[in-house]
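Student: Supplied in C-alpha cells, the structure appears directly below.
Bear in mind that the values in this text are calculations on the coordinates, not laboratory data. Worth saying up front: this structure is predicted, and the values here are computed from it rather than measured. All Cβ positions, glycine included, derive from the backbone under ideal geometry; neighbour counts span all protein chains shown.
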C-alpha cells in the first residue's frame, strides 16, 4: 500500500473512536442536564477540567517521546519498558498521594463532603496514564485496528454504566415489584448522584487497562531470549529533556480549552459559581458541533498536508483547502444558529439561559480550526517551537480575560476570552506564516464569507417572528442565501480544480 494512503487510512481508524466517542458522550448531555441541577452538573464540569490538566501532567510528554526514541533507537523494547516503568511509578505515587490526602484536597477544592471523588479520580488518572502509553505503543506498532477496538470498548463501557446508574437504576427503584429491585437496592444509592458519572468512568478505565494488560506484559517483559531487560536510566536522561517541554505546551493548550470552568468557580460568589459552571458547560457542548467538524477534518488533513508538501502546487492546494474549510464552517455556524430554537432542547430547561454563549463559542472553535490549517507553516518549515509559543500566547490571553472579566460578566467573559484567545492565535500565526512559509490564501474570500455569514446571522436575530415555523423557515432561508452566494463564487474554482485533476 502507498505509504501516504496507509497513513491516511490509519489516521481515519485512530480518529474514528475519538470522534464517535465525543459524539456519544455529547449525547449524554441531555440526560445529565435533565437528571442533575446546574450546580451538580457544574461540579462534573469542574472535576473534568482538573482531569484534563492532570492527565497531561501524569503523561508528561512520554507518548510523543515513545514515538521519537523508538525511531532513533534499535532497542524499541527497552525504550518502551523504560517509559512504561517511569509512568507506572509516577502514577502509583500519584494514586497513593491523592488517596492518603483525599480529605485535605477535597477541602482545598471546596468539596469537603466528597473526598471519595479525589480517590476515584486518582485511580482514573493513574490507570489512564498507563493506558495512554500502551495506546501509544499500539500506534508505534501500526496496530490501528486494535487501538480502535480498545478505544471503542472504553467508550462503550463508560456510556453503558452511565445509562445503567443514571437512567435504569432510578427507574427500577420506583417499582418495588420489579424482579431486579432487590439487586438494584443493594448496589445503588441515590445519594451518590453525580458520583455515578465518575464511577462509570472508573469502571471503563479499569476494563481498558485489563484488556491491555496482556500486551503490556508481553511488550514490556523484563525477560527476552533469556536476558534480563534493565530499566535504562541513561536512556531516561535523554527522554526527559525531550518530553518535558511537551508538558509545558500541553498545559498551555489545555489552559485555553478548560481553565475557564475552574476559574468561574473561584472568581464568582460561591452561591452562584457552580450554577454558572454548569450552565456554561452545558451550552458549551452545543458549540462542539464546530469542534467535531474541524477535529474530524484534522485526522484527514494532517497526513494530506504532509503528503502534498513535495508537490509543485502544494501551497495552492493549501489555499484551496482553507477556502473550503471556511465555507463549511460558516455553513455550520449559520445552520446551528438558524436552528437553535429546537437545538436548545438538547440541554435541560434550567440551562437554556446560557444560550448566548453559543455563537461566540462557535466562532471561537472556527478560529482554532483555521489556526490548525495555518499551522502547516511551522510544521513544514521545522519551526515547531512557534507552535508552543503561540499556544502559550493564547493561554496568557485566556487567563487575563477570565481573571479580569469573570467577576463582572460571569460565564459570558469566559466565552469572549475563548474567542479572543483563538482569534489572536489565528491572526498571529497567519502573520508569522507569511514570513516563514508564505501561502497565498485568498483573504478576500475568507473575510468575505465570514462577513457575509455574520451579516446574515445579525439579520436573523434582528427580526422576531411570532410563529416558530415561520422563524425556522426564514432563518434557514438566510442559510440558503449563503449557500447560493458561495455556489456562484465557487463554481468557477470548482470547474478549474476538476479540469486540473483530470489533466493530472
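Student: Below 8 Å, C-alpha to C-alpha, sequence gap of six or more: please give me the relative contact order for the range 377-433 in percent.
Tutor: RCO, the range 377-433: 38 percent.
Student: Using only alpha carbon pairs under 8 Å that are at least six residues apart, calculate the relative contact order of the chain and give it in whole percent.
Tutor: 20
Student: Taking the number of other C-beta atoms within 10 Å as the exposure measure, put 436, 114, 174 in order starting with the fewest.
Tutor: In order of increasing Cβ crowding within 10 Å: 174, 436, 114.
Student: Between residue 189 and residue 409, what is the FRET efficiency for a Förster distance of 30 Å, r being their Cβ-Cβ separation, to the nearest 0.05?
Tutor: 0.20
Student: Here is a further query. How far apart, in nm, are two points set 7 Å out from the Cα along the Cα-to-Cβ line at residue 389 and at residue 113?
Tutor: Distance between the two pseudo-spin positions: 5.0 nm.
Student: FRET efficiency for residue 489 and residue 435, Cβ-Cβ distance as r, R0 = 35 Å, nearest 0.05?
Tutor: Working from the Cβ atoms, E equals 0.75.
Student: If you average the C-alpha positions of the range 419-490 and of the range 358-400 separately, how far apart do those two centres end up, in angstrom?
Tutor: 19
Student: Which whole-number percent gives the relative contact order of the range 52-143, counting Cα pairs below 8 Å spaced six or more residues apart?
Tutor: Relative contact order of the range 52-143: 39 percent.
Student: Follow-up question, since we're still on this one. Which order do the peptides 271-284, 445-458 take when ranked by the mean count of other beta-carbon atoms within 10 Å per residue, highest first?
Tutor: 271-284, 445-458
Student: Cα centroid distance between the range 51-98 and the range 119-144, in Å?
Tutor: 9
Student: Oh, and also: Just need log10 I(q)/I(0) for the chain at q = 0.06, 0.08, 0.11, 0.12 Å⁻¹, Debye formula, equal scatterers on the alpha-carbon atoms, no solvent, rounded to two decimals.
Tutor: The calculated log intensity ratios at q = 0.06, 0.08, 0.11, 0.12 Å⁻¹ are -0.32, -0.57, -1.10, -1.29.
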